[in-house]
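Data first, discussion second: the structure below is written as structure tokens.
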Amino acid sequence: MFQQIPDPLNNLFLTWLVALVPVIVLLLLLAVFRVSAWLATLIGSLVTYLLAVWVWHMPADSGVTAYLNGSFTGIQNVDWITFWGVVLFNTLMVTGVFEKFRLWLIAKGTADVRVQTLLFAWAFGALLEGLVGFGYPWAFVAPILISLGIPDLDAIRVAAIANNAPVSYGALGSPIIALASVTAATLGVSQPELLMSFSASVGKIVAILALLPPWVLLYLVSGWQGIKGGWPLAIVGSLGYIIGQLPVAIYFGPFLPDVVGAITSFAALLILLRFWQPATPMGYGGKPVSASLQAKSSEGHGLSGGEIFGAWLPFIVLVVVVVLWTGPFDWAKTLATSWRYLATSAKSAGGGAISIGFDFRPGAPGTAILVAWLFVVAALIGRGELKASQLGEIFAKTFKQMWGALLVGVFIFGLAIVYNYSGMAASLANAFSKIGVAFIIVAPILGWIGVALSGSNTSTNAMFGVFQTLVGKTLGFPLLLLPTLNSVGAEIGKPVAPQTASVGVSTSRFVRNEGAVIRHNMGWTFALLVYLIIIGVACYLFFPGIAELHR
């Protein structure tokens, strides 16, 4: 059995530098040379494999097995989910169902910019993130905000900051699935079991984090005067999201916290508006709204009750199917049946054994999204809103959007598994552990840096998840705390991620001018990062059970 070497260069500092090379290469390719993510991760994979064989003396053949193990895991656990999620989204776009949902939502928003911001940027953005991710919430929300009178750059910033809390779950739980996939062998826990533990720990941290952004959003669009007259919106908007997000994250896993959180936030805000509205409707910058604009906003959406039900139907189907598929039911356990392939093992630097393998699961969560999509297609065809001839257009559009992201899923997981299997992650963790308990401050910062440069919470978790876990084990932290902070730190870095920004500005006049957007967003990401560090330190000192492994 291959024995990992903790310090192959017999110099901890040099070993640390060499172990950082794959990370540095990957981030330089993405952030400095602007290489496409799929090509950057492919090159990073080759560099990682060569260093693992040359410096860490990983056997070449078992290294190939480990890489294939990671690649197939990426396909099943991330690509299979995101592909069908985007197919579902594009189905709603092509058929016009999503446009009807948007019109209904706009009609529910009063002329007050604070109400519009919480409904569109906060709740609607969370729904988009939970379904698709990849910067699409910015691309769809920003034009709505611009049409409501918010300047372009400020509208993009509002959409980006509102998108913070939902990013940890991304497209149908992909970042959390990635985190559980790469750390399961290190922790000696099955991937499905670890997935539930990570979903719960991230959900609790995100619930605390989600208390702040609605207040920031009110300030950004209306200043302190707007907060003074609209504070119930921030309270109800944040608590509405948390009421849906947290129990789903704890009891049903990472697939639907954003979707359910968005829906409950919608419901809570709409109920609030039936009984209370700001005394003085405000426009952008805290200026009172004119009577003519108030009258225009009350014109309505022009949709029938059947059309409104049809706009909500796909989301209802998705929630029901995924809950039944992944929930705590006997048939869900049957669907989780797996067969192991490409198994290999190594003796860890700490003396234990690491056993890895690709667990093929026909009933993987991505299959639940496929089934939900089939039900949605049947319903849309039955309602006369979808023609069979449009299916080709939907798949062509999805492939054009997704082929690069799908390759990233193949390459980044292969890289991450080799990085772990060879002992490179253990060497890096050994060096960083010298920082001591102060690493609790560094953990979320590394997540922020990772996503700010790579553009992907999923990729950041795949790259840094094992490393953060090993540092935590060495320093005696609660097992899931550091990787959880890595994941939530990554969500805070999203507003300054070049790749996310490039998608997010695609519907604005800032196309190919992402730098202006990133500079405009930067300050608020620092403020939220400080907030997360305070949360992390408080959890470590006073609530360590938040991030414990639940068996």
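The values are calculated or read from the model by the stated rules, or taken from the named source; none is laboratory data. The model shown is predicted, which means the values in this text are computed figures rather than measured ones. Note that we place each Cβ from the backbone using ideal geometry, even for glycine, and neighbour counts take in every protein chain shown.
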With respect to A249, is the statement that it is farther than 16 Å from A121 by Cβ and touching a Pro at 6+ places or on another chain (Cβ under 6 Å) true? yes
When you look at S168, is it within 30 Å of Q468 (Cα to Cα) and either modelled with pLDDT under 90 or surrounded by 24 or more Cβ atoms within 10 Å (Cβ to Cβ) (or both), yes or no? yes
Filter result (of a type in the set (A, V, I, L, M) and modelled with pLDDT of 85 or more) within segment 26-55: L39, L42, I43, L46, V47, L50, L51, A52, V53, V55
Test: residue in segment 73-81 that is in contact with a Phe, Trp or Tyr (Cβ under 8 Å, 6 or more places away or on another chain) and outside any helix (DSSP H, G or I): no
Residue check, N10 against (1) under 26 Å from S174 (Cβ atoms); (2) of a type outside the set (D, E); (3) surrounded by fewer than 18 Cβ atoms within 10 Å (Cβ to Cβ), all met but one. Which one? (1)
Going through (1) of a type in the set (A, V, I, L, M); (2) at pLDDT 90 or above; (3) buried (at least 21 other Cβ atoms within 10 Å of the Cβ); (4) over 26 Å from F543 (Cβ atoms) one by one, I205 fails only at (4)
Taking the residues in segment 139-153 that are buried (at least 24 other Cβ atoms within 10 Å of the Cβ) and of a type in the set (V, I, T) as candidates, determine which candidate is nearest to the chain's Cα centre (by Cα). V141
Hits in segment 384-402 (condition: at pLDDT 90 or above and of a type outside the set (G, A, S)): E385, L386, K387, Q390, L391, E393, I394, F395
In segment 405-443, anything on the phi > 0 side of the Ramachandran plot and assigned to a helix (DSSP H, G or I) is listed as G436
Within segment 403-422, residues modelled with pLDDT under 85 and small (G, A, S) come out as G404, A405, G409, A416
When restricted to K400, K494, K434, K473, the only residue among the charged types (D, E, K, R) and buried (at least 24 other Cβ atoms within 10 Å of the Cβ) is K494
Among (1) crowded, with 24+ Cβ neighbours inside 10 Å; (2) among the β-branched types (V, I, T); (3) under 22 Å from I263 (Cα atoms), the one test that I106 misses: (1)
If M58 satisfies all but one of (1) surrounded by fewer than 22 Cβ atoms within 10 Å (Cβ to Cβ); (2) outside any helix (DSSP H, G or I); (3) at pLDDT 85 or above, what's the number of the condition it fails? (1)
Kindly indicate which of I492, I518 is more than 17 Å from S201 (Cβ to Cβ) and either modelled with pLDDT of 85 or more or assigned to a helix (DSSP H, G or I) (or both). I518
Criterion first (assigned to a helix (DSSP H, G or I), touching a Ser or Thr at 6+ places or on another chain (Cβ under 8 Å), modelled with pLDDT of 75 or more and surrounded by fewer than 24 Cβ atoms within 10 Å (Cβ to Cβ)) does I156 satisfy it? no
